[in-house]
Structure formats: C-alpha cells, structure tokens
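S.K.: Below is a structure I'd like to ask you about.
The values are calculated or read from the model by the stated rules, or taken from the named source; none is laboratory data. None of the values given here were measured: they were computed from a predicted structure. Ideal geometry is used to build each Cβ from the backbone, glycine not excepted, and the neighbour counts take in all protein chains shown.
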Amino acid sequence: MFHGTKPGWIEVISGVMFSGKSEELIRRVRRAVIAKNRVQVFKSHLDARYAGIYSVSSHDGTIAEAEPINESREIMTHLRPDTQVVAVDEVQFLDDGIVQVANVLADRGVRVILAGIDSDFRAEPFGAMPMLMAAAEIVDKLHAICVMCGGPATRNQRLVNGKPAPYDSPQIMVGGHEAYEARCRHCHDVPRKDELQRKLFEASARS
Ligand code: ADP
Ligand code: ZN
C-alpha cells in the first residue's frame, strides 16, 4: 500500500467489467477494517441483489455496509466526521463532481478508494474516470479474460439481442435487452465506429 508522510490520497481501481474491481475494492476495505480504520463504502446504482457482498464484517460483527448513492455530493452528506477511509464502487456512473469530492477528502486526510469502468462499450473514456485517474496517487488497471480468445480483456463488448451494438447506441442503455462480455482489443467489435467517427471529424472540420 502507498504510504505518504501525511494521510490522505486517492487510489483508483480501473478496468473492464468482470476484471475483479469489486473484489479488489472489498479486499482493500476488509484490510482497512482489520487495521481498525473507520471505513465508509458507497456504490452508485446499487442493485439490491448484490448489496450483501459489500458488507464487510469483522469478528465482532458487520462493520462496513455499502450505502447507495446517485450523486457525488451524497458522499459529503453521508460522511461521518471520524471516517478515515472512503471506498466508492461503480464511479463511472457518477457526475463529474466526484473529482472534487475525492480531492477534498484526500486533502483532509481521508484515504479514498475508487473503482470504476474506464472505457465504455465504444472503447471511449467513461464518465469522470479519466479525470479521477489524473487526480489519483495510485492507479491500477485490472484485466478480465477475453471470452473469444482467452487473452487479457480490456474492452466491454455490448451485445443487443446477441449482436454487437453499433457505435451510435447510447452510452447507458435504459431497460434494453443487452448483455456484456469482456473482450480484448482485437476481438472487440463496434459496428459503424469508423464510419461515424469520420462523419463527426468532417463535421467538426467544416464548422
Ligand atoms: P468487476 O467489479 O470488475 O466487474 P467483479 O469483482 O464483480 O468484477 O467480478 C470478478 C469475477 O468475475 C471474477 O473473479 C470471475 O469469477 C468472474 N468472471 C466472469 N467472467 C469473467 C471473465 N471473462 N474474465 C474474468 N473473470 C470473470
Ligand atoms: Zn480476444
């Protein structure tokens, strides 16, 4: 673990879906609890089915249970004055205010652990992740296994009705029948990406 001369820094755990970001976040939280740090865990878009895996317990009972949030400022309103470690999962879905929240907490001496998907289904930066990676003292990029070739997966393949989703489908699909697979650069497929990127480039050159 990183040791500054003063407490307070930002750690980012980035990577594709299924790369083990949540497992790594929980591992760090569990170790912080063992070290008797006061920890708070948050998760955006918390799905009730998975809430249980975020309860990190010690021998004398449950210590850290993830609190669901939709906006970054809720971290500040839920924050207890004596909290030493703040862990947030699924940060890619939060607003850009998370960058300021993370910096303010780290400046105050809090260890901030953030886990999030770094690139969307188009292989483009996701939400505030690039800015958080720039602000962080430590960045880890985890890989999953490419379901096509078995190599290290760095991309999220979106499938709609079993077929690769085209470039112009929305970044976050609401209520769609979609599925995701971890794939490597070479097996990742985004139909119409080249064509639509060229059109966007030509339009910006004209204006
Ligand atoms: P993340 O938070 O990055 O989405 P999780 O910590 O929730 O990842 O899940 C990681 C787990 O997902 C792995 O330990 C493994 O059991 C499982 N898994 C499913 N598909 C894959 C894959 N393609 N590559 C690696 N692990 C996978
Ligand atoms: Zn592959």
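S.K.: Going through the range 90-102 one residue at a time, which ones are assigned to a helix (DSSP H, G or I) and either free of Cβ contacts under 8 Å to residues at least 60 places away in the same chain or buried (at least 22 other Cβ atoms within 10 Å of the Cβ) (or both)?
M.R.: Once the filter is applied, which keeps residues that are assigned to a helix (DSSP H, G or I) and either free of Cβ contacts under 8 Å to residues at least 60 places away in the same chain or buried (at least 22 other Cβ atoms within 10 Å of the Cβ) (or both), the range 90-102 yields VAL91, GLN92, GLY97, ILE98, VAL99, GLN100, VAL101, ALA102.
S.K.: If you check TYR167 against the conditions, is it at pLDDT below 95, of a type in the set (Ser, Thr, Tyr), surrounded by 15 or more Cβ atoms within 10 Å (Cβ to Cβ) and part of a strand (DSSP E or B)?
M.R.: no
S.K.: If I filter the range 103-137 down to residues being within 16 Å of ligand 2 (Cβ to nearest atom) and on the phi < 0 side of the Ramachandran plot, which single residue comes out as surrounded by the fewest Cβ atoms within 10 Å (Cβ to Cβ)?
M.R.: SER119
S.K.: Six or more apart or on different chains, Cβ under 6 Å: which pairs go from a residue in the range 141-153 that's part of a strand (DSSP E or B) to one that's hydrophobic (A, V, I, L, M, F, W, C) and more than 10 Å from ligand 1 (Cβ to nearest atom)? Could you list them?
M.R.: From the range 141-153, the pairs are ALA153/CYS184.
S.K.: Identify, please: which residue in the range 168-203 is closer than 24 Å to PRO152 by Cα and of a type in the set (Lys, Arg) and is, among those, nearest to ligand 1 (Cβ to nearest atom)?
M.R.: Out of the qualifying residues, it is ARG183.
S.K.: Now for a different question. What is the residue count in the range 170-202 for residues that are within 10 Å of ligand 2 (Cβ to nearest atom) and assigned to a loop (DSSP other than H, G, I, E, B)?
M.R.: 5
S.K.: So GLY116 ticks every box in (1) in contact with a helix residue (DSSP H, G or I) (Cβ under 7 Å, 6 or more places away or on another chain); (2) modelled with pLDDT under 95 but one. Which box is left unticked?
M.R.: (2)
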